[in-house]
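Could you have a look at this structure, given as structure tokens, before my questions?
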Amino acid sequence: MSAEPSFRQSVELMFNRAAALMDLPPGLEEKIRVCNSTYVVRFGVRMRGEMRTFTGYRSVHSEHMEPVKGGIRYAPNVNQDEVEALASLMTFKCALVEAPFGGSKGGLCIDPRHYEEEELERITRRFAYELIKRDLINPSQNVPAPDMGTSEREMAIIADQYARMNTTDINARACVTGKPVNGGGIQGRTEATGRGVEYALQEFFRHPDDVAEAGLSGKLEGKTVIVQGLGNVGYHAALFLSTEDGCKVTHIIERDGVLINENGLDIAHVRDWIAHHGGVKGCPHGTYSENGAAALEEPCDILIPAALEGVIHAGNAERIKAKLIIEAANGPITASADEVLRKRGVVIIPDLYANAGGVTVSYFEWVKNLSHIRFGRMQRRQEEARHLLIVNELERLSKDKELGWTLSPDFKEQYLRGAGELELVRSGLDDTMREAYQSMRHVWRSRQDVPDLRTAGYLVAIGRVAASYQAKGL
Ligand code: NAD
């Protein structure tokens, strides 16, 4: 077995595969490939009677557009290689979904489960302070968001810290996204990445040729699904697929093992169980086994790795039985596994597209913060008034002409309701996921030399980044 490439090497190999099919000037290709800068900070926080030192990172991959954007992750094994890989993925992700940002990512080496809420607040404030004073958090230069191990709570703390240090900045709230709705956030951000995974699958199944390529047929409804990681992304994806699209989630793989129910698991219940018991073991809704990794190899239609990187590698790729894999996590398939799976005809919906729902709705939140007004506030009632005019006129016509029909109360209720923020966010996200998929598949389907969606996605994204540099005369 060949040595497994690191996460950053994997991303570079995937980049190189696409770049080899392009005609970029060599200097520009190198400029787009490399990570511009990585800031490493070590800071101390006094707690539990001692001074503890923490190590944090903020990488900026590409500033072809500013601000740069990318989450902050809290995990014990965060390192420079990982943060840089994630930052470059952000560049290509933003380009693919046409969010006007460069790519960045941050991380803090910490296991948040080992700290109290109040301790985490002090650590987060201190980390934010270090980044803010260097403009590595700033509404016009660098805008973080949640990622693994962080949530709207940390984002609210970061926003507050920025506001304290920049008391006259009217756009202070736009310094970070993924905030709670009552703290300058936007409806639909928490669910956004999982919702985006759902929209990506819905779009995939609108193309019978693509479905056939994966050796599947028919619609999304009825498909069996295995999910790894029931965190923010995995939970929302699993919940929507099972409750709205008719999929059957048969396996949930978590840190402590796997929960199995061939008739389909009740996702909300399992999530609740994990919240109270710290894992899936003992959950009465399915059968437990402690070998979670082996469950990735179980037969299913769709495999959704939604936990961490590198879980499908040269060592298990041959045994993966899923026909379609959608990378809800960043980098769950190493470059060597990607090659094995591709040769075996497994279709992979790649991370740079599949989990772009988060940054898409972050973009909406940033725009909302800069415009200082909630989406839909000006139009909603006017839209309702215009719809009411039509409904009244139709009912008058039916009565005057004695046509004898009426509009059902259900239709009227739905038609008359103007779109609020959540409906507009979902509509914008759905549109983004459809458009981005179509731009990828057009390249995949129209070019003989493009073997898969990942290469196609990189081609589209690198092309857009290159065009942006070239427009600046570089
Ligand atoms: P999270 O911390 O909310 O959830 C991660 C989940 O994975 C947790 O339930 C954890 O218990 C589980 N997990 C950890 N190690 C595991 C293991 N070895 N086996 C099985 N399960 C394990 O994180 P998240 O925000 O859902 O992020 C998950 C992935 O999605 C990451 O790769 C992240 O970069 C990516 N992502 C997240 C967002 C976002 O908006 N949160 C956006 C884009 C991409």
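Return the pairs, sorted by first residue and then second, in which the second residue is of a type in the set (S, T, Y) and open to solvent by 20 Å² or more (accessible area, probe 1.4 Å), the first residue lies in segment 297-317 and is without any contact (Cβ under 8 Å) to a residue 12 or more places away in the chain, the beta carbons are less than 7 Å apart, and the residues are 6+ apart or on different chains.
none
Follow-up. Among (1) within 15 Å of the ligand (Cβ to nearest atom); (2) surrounded by fewer than 21 Cβ atoms within 10 Å (Cβ to Cβ); (3) touching a residue at least 40 places away in the same chain (Cβ under 8 Å), which single condition is R122 missing?
In the conditions (1) within 15 Å of the ligand (Cβ to nearest atom); (2) surrounded by fewer than 21 Cβ atoms within 10 Å (Cβ to Cβ); (3) touching a residue at least 40 places away in the same chain (Cβ under 8 Å), R122 misses (1) alone.
Restricting to segment 209-230, give me the number of residues that are out of contact with any strand residue (DSSP E or B) (no Cβ under 9 Å at 6 or more places or on another chain) and farther than 21 Å from R344 by Cβ. Can you show your working first?
Filtering segment 209-230 down to residues out of contact with any strand residue (DSSP E or B) (no Cβ under 9 Å at 6 or more places or on another chain) leaves 209, 212, 217-219, 221.
Applying the additional criterion that residues be farther than 21 Å from R344 by Cβ yields 218-219, 221.
The total comes to 3.
Next question, about the same structure. Kindly state which helices (runs of 4 or more DSSP H) lie completely within segment 142-226 and contain at least 2 residues that are of a type in the set (F, W, Y). Write out each step before concluding.
Details: elements: 152-165, 192-204, 208-213.
The helices (runs of 4 or more DSSP H) meeting that bar are 192-204.
Something else: Does E423 fit the bill of being at pLDDT 95 or above, out of contact with any Gly (no Cβ under 6 Å at 6 or more places or on another chain) and not hydrophobic (A, V, I, L, M, F, W, C)?
Values: at pLDDT 95 or above: yes; out of contact with any Gly (no Cβ under 6 Å at 6 or more places or on another chain): yes; not hydrophobic (A, V, I, L, M, F, W, C): yes.
Considered against the rule, which asks whether it is at pLDDT 95 or above, out of contact with any Gly (no Cβ under 6 Å at 6 or more places or on another chain) and not hydrophobic (A, V, I, L, M, F, W, C), E423 comes out as yes.
Out of segment 78-110, which residues are among the small types (G, A, S) and without any contact (Cβ under 8 Å) to a residue 60 or more places away in the chain?
A87, G102, G103, S104, G106, G107
Report, by residue number, each residue of segment 325-374 that is among the charged types (D, E, K, R) and either farther than 22 Å from K105 by Cβ or part of a helix (DSSP H, G or I) (or both). Break it down into steps so the answer makes sense when it comes.
From segment 325-374, those among the charged types (D, E, K, R) are 327, 338-339, 342-344, 351, 365, 368, 374; that's our starting set.
If the condition is that a residue be among the charged types (D, E, K, R) and either farther than 22 Å from K105 by Cβ or part of a helix (DSSP H, G or I) (or both), then D338, E339, R342, K343, R344, D351, E365, K368, R374 are the ones that fit.
Moving on to the next point. Return the residue satisfying two criteria in turn: it lies in segment 125-158 and is of a type in the set (A, V, I, L, M) and under 21 Å from the mean Cα position of the chain (by Cα), and of such residues it is farthest from V41 (Cα to Cα).
Taking segment 125-158 first, the residues of a type in the set (A, V, I, L, M) are 128, 131-132, 136-137, 143, 145, 148, 155-158.
Now restrict to residues that are under 21 Å from the mean Cα position of the chain (by Cα): 137, 143, 145, 148, 155-156, 158.
Numbers: I137: 14, V143: 18, A145: 19, M148: 19, M155: 19, A156: 21, I158: 16 Å.
Checked segment 125-158; the qualifying residue farthest from V41 (Cα to Cα) is A156.
Before we move on, is E203 among the acidic types (D, E) and open to solvent by less than 20 Å² (accessible area, probe 1.4 Å)? Give the steps one after another, and end with the answer.
On the way: among the acidic types (D, E): yes; open to solvent by less than 20 Å² (accessible area, probe 1.4 Å): yes.
For E203, the condition - among the acidic types (D, E) and open to solvent by less than 20 Å² (accessible area, probe 1.4 Å) - is met.
Name the residues in segment 258-285 that are surrounded by 13 or more Cβ atoms within 10 Å (Cβ to Cβ) and under 19 Å from I302 (Cα atoms), would you?
Result: V258, L259, I260, N261, G264, L265, D266, I267.
Just the residues that are part of a loop (DSSP other than H, G, I, E, B), open to solvent by 30 Å² or more (accessible area, probe 1.4 Å) and either closer than 22 Å to K105 by Cβ or in contact (Cβ under 8 Å) with a residue 24 or more places away in the chain (or both), please, taken from segment 49-77. Reasoning before the result, please.
Start the filter on segment 49-77 by keeping residues that are part of a loop (DSSP other than H, G, I, E, B), which leaves 49, 63-67, 70-71, 76-77.
If we keep only those that are open to solvent by 30 Å² or more (accessible area, probe 1.4 Å) as well, we get 49, 63, 65-66, 76-77.
Those that are part of a loop (DSSP other than H, G, I, E, B), open to solvent by 30 Å² or more (accessible area, probe 1.4 Å) and either closer than 22 Å to K105 by Cβ or in contact (Cβ under 8 Å) with a residue 24 or more places away in the chain (or both): E63, M65, E66, P76, N77.
Return the only residue of D400, D430 being within 18 Å of the chain's Cα centre (by Cα) and of a type in the set (D, E, K, R). Quick ask: steps written out before the conclusion?
Values: D400 fails: within 18 Å of the chain's Cα centre (by Cα).
Exactly one residue qualifies, and that residue is D430.
Follow-up. Given K399, K368, which one is more than 16 Å from the ligand (Cβ to nearest atom) and in contact (Cβ under 8 Å) with a residue 60 or more places away in the chain?
Numbers: K399 fails: in contact (Cβ under 8 Å) with a residue 60 or more places away in the chain.
Testing whether each residue is more than 16 Å from the ligand (Cβ to nearest atom) and in contact (Cβ under 8 Å) with a residue 60 or more places away in the chain leaves just K368.
Any chance you could count how many residues in segment 315-330 are within 16 Å of the ligand (Cβ to nearest atom) and surrounded by fewer than 24 Cβ atoms within 10 Å (Cβ to Cβ)?
Looking only at that region, the number is 3.
All but one of (1) touching a Leu at 6+ places or on another chain (Cβ under 8 Å); (2) more than 16 Å from the ligand (Cβ to nearest atom); (3) not aromatic (F, W, Y) hold for P305, so report the exception by its number.
Going through the list (1) touching a Leu at 6+ places or on another chain (Cβ under 8 Å); (2) more than 16 Å from the ligand (Cβ to nearest atom); (3) not aromatic (F, W, Y), P305 breaks only (2).
Mind listing whichever residues of segment 13-32 are within 24 Å of A314 (Cα to Cα) and either without any contact (Cβ under 8 Å) to a residue 60 or more places away in the chain or in a loop (DSSP other than H, G, I, E, B) (or both)?
Of segment 13-32, the ones within 24 Å of A314 (Cα to Cα) are 13-20.
Answer for segment 13-32, where residues must be within 24 Å of A314 (Cα to Cα) and either without any contact (Cβ under 8 Å) to a residue 60 or more places away in the chain or in a loop (DSSP other than H, G, I, E, B) (or both): N16, A20.
Considering segment 139-156 alone, what residues qualify as being open to solvent by less than 20 Å² (accessible area, probe 1.4 Å) and away from the ligand (no atom under 16 Å from the Cβ)?
Hits for segment 139-156 are P139, N142.
I've got another one for you. Out of everything in segment 224-257 that is within 9 Å of the ligand (Cβ to nearest atom) and of a type in the set (D, E, K, R), what residue ends up being most open to solvent (accessible area, probe 1.4 Å)?
Out of the qualifying residues, it is R255.
The values are calculated or read from the model by the stated rules, or taken from the named source; none is laboratory data. What you see is a predicted model; the values in this text were computed from it and never measured. For neighbour counting, all protein chains shown are included, and Cβ atoms are generated from backbone atoms with ideal geometry for every residue, glycine included. Calculation scope for accessible area: heavy atoms of the full protein, side chains included, ligands and nucleic acids excluded. Shrake-Rupley method; radii C 1.70, N 1.55, O 1.52, S 1.80 Å.
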